[in-house]
Amino acid sequence: MNKPLDVVIIGAGTAGLAALREVKKRTTNFAIINDGPWGTICARVGCMPSKALVEAAKAFHRRITFEEFGIHGANALAADMPAVLKRVRKLRDGFVASTLKMTEVLGKQAISGRARLLGVGRLEVNGRELHARNIIIATGSRPVVPASWRALGERILTTDTLFEQENLPTNMAVIGLGAIGVEMAQALSRLGLNVTAFNESNTIAGLHDPKVNEVATELLKQEFTLYGGEKADLAAADAGANGGVRVRSKTKEVVVDRVLVSLGRRPNIDDLGLETLGIELDTQGLPPVDPHTMQVADLPIFMTGDANKRKALLHEAADDGHIAGINATRATPVRFERRAPLAIVFSEPGIAIAGSNYESLDPGTALTGEVRFERQGRARAAQRNKGILRLYAQPVTGRLVGCEMCAPGAEHMAHLLALAIGRSLTVHDMLRLPFYHPVMEEGLRTALRDLAAQLPHCNESDLAGCEAFHAEALD
Ligand SMILES: Cc1cc2nc3c(=O)[nH]c(=O)nc-3n(C[C@H](O)[C@H](O)[C@H](O)COP(=O)(O)OP(=O)(O)OC[C@H]3O[C@@H](n4cnc5c(N)ncnc54)[C@H](O)[C@@H]3O)c2cc1C
């Protein structure tokens, strides 16, 4: 029998690399195995190339406000799609190279191949059996594509293939408007493509608050054709390999050149051998994982990142890996307090949720405060005065519990609110903070004041009681 390794990490994405960072500090007797290209989903085909595309689209889209600013000649500007995509790949290559440095130094401890569990403490890769005292599963996820659609070959794209395209055709459909679908549909449309988007449900971008969802949906509808509540099916529009795709829902039909399928992501757990662990798996084939230790049941196995399907977000994957890396090198696992929930969609206006979402609130008791950005001073000055922010707080105590928004500056305000929620701050605590003038955060303050009006008054000597001027220039 091979000498057992202290830890084997399966998967070298963000979660696997975070685990590696901690494991390396504690033992030299480890290996990391990765199937397919190294360099992480985030850097290769995920967060980073998608944000590079989104930024190009935002930069180009800005031109539609130029006349209002008194700047002429915007009509002469053009988005050169091959050049846009080339820049995305150039940036992507740099991001990938930065992550490769972490595994290139490992020599034989970094194994290329597909790992399969053979039981607790045993796994197989490239026909070789390895023994490990602890195993960290960090196998990530992949795009969901219905089997029947795969026959459409290159006519359908996912984010695994989108950024590899040299150019994109004029007419595209986007199927699925979760975070990725919304970002990509808006970016492609802003870059000049004719985008038609279909979403099976009427809620988009992971939102739960009906008011925020309505505003977000209406704003996106002003930019591209969006059919909500329409489950789409795909078929080849003609026989040629390079022909179009017919997208059909119950009431709509459109023929496009290519379709971006963004129906969500599925954990890479098929054929991983989880059934050899002797524990009960749920209906999706997933084992029970403690989010505070990342431990699978009571086994010396830890499951992290997108693979455990808890939250498919990068910072959560990194935290999962950190926790697993420490616990896989300890006799007994330590429990970690998790951070306040935070999710951001890089649309414009940005969409974000921090803390508890609307659906998880107690409808009978939770207080809501609201601001709309149409008349917000700084947002008007920037021609970005669209959107809504809704805050949720406990009655009486005024403790902030969550928020949902589709608002200018959402990514920054959501961080501020996640901090406040994580620290159990109240509405009055927040209103004691300085708010500079003129900033988008003054909009957030308006929503806080809306909540404060529903709470017991604070002392007269407390600046939290400072009220609005109700004048656009000053609030
Ligand atoms: C287009 C897109 C945009 C995104 N944007 C954001 C964003 O803006 N913000 C954000 O927070 N998150 C974003 N995400 C999500 C984020 O990228 C993921 O949550 C994160 O990358 C997951 O990391 P991971 O380590 O779990 O998996 P991965 O990075 O997928 O790594 C898993 C690795 O394991 C390998 N593997 C799989 N099976 C095996 C096996 N059996 N043996 C060996 N190796 C195996 C895989 O090949 C892969 O290399 C985005 C994702 C996508 C696709």
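Note on Thr170 and His72: with the Förster distance fixed at 25 Å, the Cβ-Cβ geometry gives a FRET efficiency of about 0.40.
Dipole size of the stretch 42-120 about its Cα centre, with +1 on Lys/Arg Cβ and -1 on Asp/Glu Cβ: approximately 500 debye, rounded to the nearest 20.
Taken about its Cα centre, the chain carries a charge dipole of about 1260 debye when Lys and Arg each add +1 at the Cβ and Asp and Glu each add -1 at the Cβ. Sorting the segments 191-199, 275-283 by their residues' average number of neighbouring beta-carbon atoms within 10 angstrom, most packed first, yields 191-199, 275-283. Between amide H atoms placed 1.01 Å from N, distances below 5 Å from Ala197 occur with Val174, Thr225, Leu226, Tyr227, all of them 5 or more places distant or on a separate chain.
If you plug the beta carbon distance of Ala79 and Glu154 into 1/(1 + (r/R0)^6) with R0 = 30 Å, you get a FRET efficiency near 0.85. If the viscosity is 1.306 mPa s and the temperature 10 °C, what Stokes-Einstein diffusion coefficient in µm²/s follows for the stretch 255-412 when Rh is the Kirkwood radius over Cα pairs? D, rounded to a whole number, is 84 µm²/s. Have a look at His412, Thr283, Gly107 and report the one farthest towards the positive end of the charge dipole of the chain, computed about the Cα centre with Cβ charges (Lys/Arg +1, Asp/Glu -1). About the Cα centre, the residue reaching furthest to the positive side is Gly107.
Based on Cα contacts under 8 Å between residues 6+ apart, the chain shows a relative contact order of 15 percent. Taking θ as phi - 60° and the Karplus parameters 6.51, -1.76 and 1.60, the scalar couplings of the stretch 285-297 work out to x, 9, x, x, 10, 7, x, 8, 10, 6, 6, 8, 6 Hz in sequence order, x denoting glycine and proline.
Each peptide among 118-128, 375-385 gets the average number of other Cβ atoms lying within 10 Å of its residues, and from highest to lowest they stand as 375-385, 118-128. Multiplying the residue separation of Lys86 and Arg21 by 0.36 nm and removing their Cα-Cα distance gives an extension gain of 20.2 nm. What does the charge count near Ile323 come to, summing +1 for each Lys or Arg and -1 for each Asp or Glu among other residues with Cβ under 13 Å from its Cβ? Computed value for this residue: 0. Listed by chain and number, the lysines placed with their C-alpha closer than 19 angstrom to that of Lys90 are Lys51, Lys58, Lys101; residues fewer than eight positions away on the same chain are left out.
Each stretch of four or more DSSP H residues adds -39500 (n - 2.57); spread over every residue of the chain, this sum gives -8500 deg cm²/dmol at 222 nm.
If the segment from Asp282 to Val105 were pulled out straight at 0.36 nm per residue, it would be longer than the present Cα-Cα gap by 59.9 nm. Calculation over all alpha carbon pairs of the chain in 10 angstrom steps from 0 returns a P(r) of 4, 18, 24, 25, 19, 8, 2, 0 percent.
About its Cα centre, the dipole of the stretch 207-361 is roughly 160 debye, where the only charges are +1 on Lys and Arg Cβ and -1 on Asp and Glu Cβ. For the pair the stretch 253-318 and the stretch 319-354, the centres of their Cα atoms are 15 angstrom apart.
Every number here is computed from the coordinates shown, using simple stated rules; none is lab data. Because the structure is predicted, anything quoted here is derived from the model rather than measured. Ideal geometry is used to build each Cβ from the backbone, glycine not excepted, and the neighbour counts take in all protein chains shown.
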